[in-house]
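Enquirer: Before I ask anything, let me first share the structure, which is written out below as structure tokens.
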There are 2 protein chains.
Amino acid sequence: MSLSVTGSNAGLGEVLQLFRAEPGLTRADVMQRTGLSRSTVNQRLDALLASALVVPSGEGAFTGGRPASRFAFNADRGVLLVADIGATGLRAAVCDLRGAVRADTEREIDVAAGPHPVLDAVHQLFTDLLAEAGRTPAQVHGVGIDVPGPVDFDSGQVVSPPIMSGWDRFDIPGWFRAHYACPVLVDKDVNAMAFGEQRSTYPDVRQLLMIKAGTGIGAGLILGGQVYRGADGAAGDIGHIQITVEDVDVEPVCRCGNTGCVEAYAGGWALVRDLRAAGHDVADVNGAVRLIRTGDVGAVRLARRAGRILGGAVADSVSLVNPSVIVIGGQLARIEEQLFAGIREMVYRRSLPLATRKLQIVPSRLGDRAGPVGLALLLADAIFAPDRVDQLVNPH
Amino acid sequence: MSLSVTGSNAGLGEVLQLFRAEPGLTRADVMQRTGLSRSTVNQRLDALLASALVVPSGEGAFTGGRPASRFAFNADRGVLLVADIGATGLRAAVCDLRGAVRADTEREIDVAAGPHPVLDAVHQLFTDLLAEAGRTPAQVHGVGIDVPGPVDFDSGQVVSPPIMSGWDRFDIPGWFRAHYACPVLVDKDVNAMAFGEQRSTYPDVRQLLMIKAGTGIGAGLILGGQVYRGADGAAGDIGHIQITVEDVDVEPVCRCGNTGCVEAYAGGWALVRDLRAAGHDVADVNGAVRLIRTGDVGAVRLARRAGRILGGAVADSVSLVNPSVIVIGGQLARIEEQLFAGIREMVYRRSLPLATRKLQIVPSRLGDRAGPVGLALLLADAIFAPDRVDQLVNPH
């Protein structure tokens, strides 16, 4: 219910949402869909036209009298900037106000170097992308950043991140406010990936579980069609669910300090550890993936075991949240055959038939672009949320 | 956004929601809160007054001119009937249209006897409650039923219930339509309990996990302030998460047919099994609870072990959905000391500090009444949902 904007601008947010959802609406369309009076619709539309959030988009069908003017959301009023920060690389993009990526670029970083060098690198890429797009910092309507760790979504602070030393409680929005006078959204990477996959490929799916199986393991939840973050931004912490594995004597120590976490058996870093212990010369997670894809018997056996262990945690998640689609992404998704077999085996063995009869378990469609794509869509929704529209129309 | 009611009744649902949320509103209050025009507000209010969903509630403050008339939701326009069906007992209640319980009653049943004898018993209690309240079947606005098994919420059918033989795909709403010409809502018992606890005791909590530890073990999830059911109504199936327990050689068989489920170690029926195997003469779950409360050392040891095993599954749930409150109900909640210690031990040991620093783990406040209380509140919300109001105002 659009009760959040009251008084003189009641209905403004609702009218803008209509234009974001459908192109080319007339005044009569808006009245019919909202139940707002003609004079209220005229006032709201005047405010949106004056602020250039909505622009004329031509005329409608001739129905005997004067043809009705049509209007549309102005996705080129400005741009959004997004950056997907990973453990070892970052990808930045400039997007229109619908969240569609117009151009993107990437470079290597080390997230453990701390916030200043990493955010300097992000800022440099943003500056380059803006120059290429022929835009100025004043035209940036929003900045979106995702990181490989838990985020307190309201404050935009990274909180207790196991692999981001130096980032705990760092004020990312404050850092960007020195460069851009616009809202800054910060989220966990896998939340953005989940939203990107859902909106791009499964728009009608209301419950989607996104698993990122890379160096670490995490999950993003789309519940009721929206990103679900939990009470403290800690939801989806599937990598640190603890399990008992029968064929080990001593539980492996995890990067989080605990022992026996799913990630400590099935994460990319744990696969690298186990392959090295078995005498293989693998440099990193990508090296492990390449070796497994060659079909080396010992390496494949380890990959299937990782799949079954991850699959046990996925099965628990299926029992608890009953999604209709599970998307697997991250570097380990490239060893699809071995990993997916293990995951499917455990999910179908363990979860109730009711929860699995229509369940799809699929690889990511967007791959490395899932983060930036989802982040831009999240950012567009946040900036044009009904309760924020007042500020866009009357910024001061 | 209230876009669901369009055309001639646009805004009707939104206006009714206002009256349900706040008593004693004037026409000007409604205009101010909705942005609807004076003429639209007058038309909607006339429709609600004509249907007696809203009634005059006196006059407002004298502000110089004629005092403004106030109006309120008419919670006594009719009644709601609800029944909480358990494995061995049922509790029925008659409620006003706000979902407040006016009278309730209970009796023993055997749910495994199948739908006909159980629903006959429900109907008898409903008939008695209506007679006591001086109401007729025509005044029943909604019937709510909860059951100890998974439900396809849209159709109201029980689906693949492990302990409800003969109920699979039974059309509960169809059965009641022979007696009452009103909507029938069917939900899983622990969903209703979760909603009752949240609305009654934690109205500001958005993410709440309700654990029912009785004969079986189940969970109800309140996410984003609403009951979360998952894609197939199978969410919250915490009792059938599978675990590996180090001190057993052969995994116990569960009532669901799988082995090693949480419930097969920590459910009430499993405690009874283990206490009997240890030579104790316990008749049922209540007998097991009584024995443990006497402080018998062997029985207490089993209860703490059950608490730790259940706690492992609760810790997984905390990692995945990050609730701010966990409510423990069901018969086993009466052995609070031993059970809660085990649950807390595992949750604080396993889950991320970020997810547990503000977490409350508390016993149920409503006890046996959580189901009926929550069911009545769910039913009231469903009946007066904005997209259904048209049918109430223009029933034919």
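Enquirer: Using a Gaussian network for chain B with springs between C-alpha atoms less than 10 Å apart, which of these wobbles most: B:Gly268, B:Gly218, B:Gly11?
Expert: Among B:Gly268, B:Gly218, B:Gly11, the largest GNM mean-square fluctuation belongs to B:Gly11.
Enquirer: Let me ask something additional. Hey, got the average number of other protein chain Cβ atoms within 10 angstrom for residues in B:256-262?
Expert: Taking the mean over all residues of the peptide, I get 2.
Enquirer: Let me ask another. Per the Kirkwood formula on distinct C-alpha pairs, the Rh of the protein assembly as shown is how many angstrom?
Expert: Computed over Cα pairs of the protein assembly as shown, the Kirkwood hydrodynamic radius comes out at 28.6 Å.
Enquirer: Which of these, B:Val262, B:Val253, B:Val325, has the largest mean-square fluctuation under a Gaussian network model of chain B (Cα springs below 10 Å)?
Expert: In this elastic network of chain B, the residue with the biggest mean-square fluctuation among B:Val262, B:Val253, B:Val325 is B:Val253.
Enquirer: For a test of the definition: using alpha carbon positions, the gyration tensor, and the 1.5 limit on a/c, classify the range A:152-257 as rounded, prolate or oblate.
Expert: oblate
Enquirer: While we're here: What net charge do the residues around B:Gly149 carry, taking every other residue with its C-beta under 14 Å from that of B:Gly149, with Lys and Arg at +1 and Asp and Glu at -1?
Expert: Here the count lands on -4.
Enquirer: Next question, about the same structure. Taking Cα atoms, how many degrees apart are the long axis of helix A:370-383 and the longest axis of chain A, rounded to 10 and kept between 0 and 90?
Expert: With rounding to tens, the tilt is 30 degrees.
Enquirer: I'd like to know which of B:Gly295, B:Ala103, A:Ala113 lies farthest towards the positive end of the charge dipole of the protein assembly as shown, counting +1 on Cβ of Lys and Arg and -1 on Cβ of Asp and Glu.
Expert: Checking the options against the dipole of the protein assembly as shown, the answer is B:Ala103.
Enquirer: Okay, moving on. Tell me what chain B gives for mean residue ellipticity at 222 nm when only DSSP H runs of n ≥ 4 count, each as -39,500 (n - 2.57), the sum divided by the residue total, rounded to 500 deg cm²/dmol.
Expert: Here the helix-only value at 222 nm equals -12000 deg cm²/dmol.
Enquirer: Still on this structure, I have one more. How many nanometers, to one decimal and shortest first, lie between the label point of A:Ala112 and those of its other copies, if labels sit 7 Å from Cα toward Cβ?
Expert: 5.6
Enquirer: Between A:Glu345 and A:Asp154, take the C-beta separation as r, use R0 = 35 Å, and let me know the FRET efficiency to the nearest 0.05.
Expert: E between A:Glu345 and A:Asp154, to the nearest 0.05, is 0.30.
Enquirer: Find the centroid of the Cα atoms in the range A:173-224 and in the range B:247-273, then give the distance between the two in whole Å.
Expert: Cα centroid of the range A:173-224 versus Cα centroid of the range B:247-273: 38 Å apart.
Enquirer: To continue, here is another question. Give me the net charge for the shell around A:Ser319: Cβ to Cβ below 11 angstrom, other residues only, Lys and Arg +1, Asp and Glu -1.
Expert: Net local charge, A:Ser319 excluded: -2.
Enquirer: Quick one: net charge around B:Val41, please, counting Lys, Arg +1 and Asp, Glu -1 for every other residue with C-beta under 11 Å from its C-beta.
Expert: +1
Enquirer: Would you mind giving the mean number of other chain beta-carbons within 10 Å of the Cβ of each residue in B:202-211, as a whole number?
Expert: Neighbouring Cβ atoms belonging to other protein chains average 1 per residue here.
Enquirer: Now a separate question. Can you tell me the relative contact order of chain B? Whole percent, Cα pairs under 8 Å, sequence separation 6 or more.
Expert: Relative contact order, chain B: 17 percent.
Enquirer: Shifting gears a bit: For chain A, set up a GNM with springs between Cα atoms under 10 Å and report which of A:Asn322, A:Asn191, A:Asn258 has the largest fluctuation.
Expert: A:Asn258
Enquirer: State, to one decimal in nm and shortest first, how far the label point of A:Asp154 sits from each corresponding label point in the other identical copies (label point: 7 angstrom along Cα-to-Cβ).
Expert: 3.5
Enquirer: Let me ask you something else. Counting other Cβ atoms within 10 Å of each Cβ, which trypsin sites (Lys or Arg not before Pro) in the range B:154-225 have at most 12 and sit in a DSSP loop?
Expert: B:Arg169
Enquirer: Viscosity 0.890 mPa s, temperature 25 °C: give me the Stokes-Einstein translational D for the range B:100-181 in µm²/s, with Rh taken as the Kirkwood radius over C-alpha pairs.
Expert: It comes out at roughly 178 µm²/s.
Enquirer: Let me ask something else about it. Packing-wise, with mean Cβ within 10 Å as the measure, how do B:27-36, A:142-151, B:159-168, A:220-229 rank, highest first?
Expert: In descending order of packing, they fall as A:142-151, A:220-229, B:27-36, B:159-168.
Enquirer: Over the protein assembly as shown, how many pairs of lysines fall under 21 Å by alpha carbon, counting only those 8 or more apart in sequence or from different chains?
Expert: Close lysine pairs under the 21 Å cut-off: 4.
Enquirer: Tabulate in residue order the Karplus-calculated ³J(HN,Hα) for the range A:272-287, using 6.51 cos²θ - 1.76 cosθ + 1.60 with θ = phi - 60°, rounded to whole Hz; enter x for Gly and Pro.
Expert: The phi angles translate into 4, 4, 5, 5, 5, 4, 8, x, 7, 9, 10, 7, 7, 4, 4, x Hz.
Enquirer: At A:Gly279, label 7 Å along Cα→Cβ: distances to the other copies, nm, ascending?
Expert: Its label point is 5.5 nm from the equivalent points in the other copies.
Enquirer: Now for a separate question. Could you tell me which of rounded, prolate or oblate describes chain A, using a ≥ b ≥ c as the square roots of the eigenvalues of the alpha-carbon gyration tensor, with rounded for a/c under 1.5 and, failing that, prolate when a/b is larger than b/c and oblate otherwise?
Expert: It comes out prolate by the Cα gyration axes.
Enquirer: Apply the a/c threshold of 1.5 to the C-alpha gyration tensor of the range B:7-73 and tell me whether it is rounded, prolate or oblate.
Expert: Verdict is prolate for the range B:7-73.
Every number in this text was worked out from the coordinates using simple rules, so none of it is lab data. Computed from a prediction, not measured in an experiment: that's the story for all the values here. With ideal geometry, Cβ positions are generated from the backbone for all residues, glycine too; neighbour counts draw on all protein chains shown.
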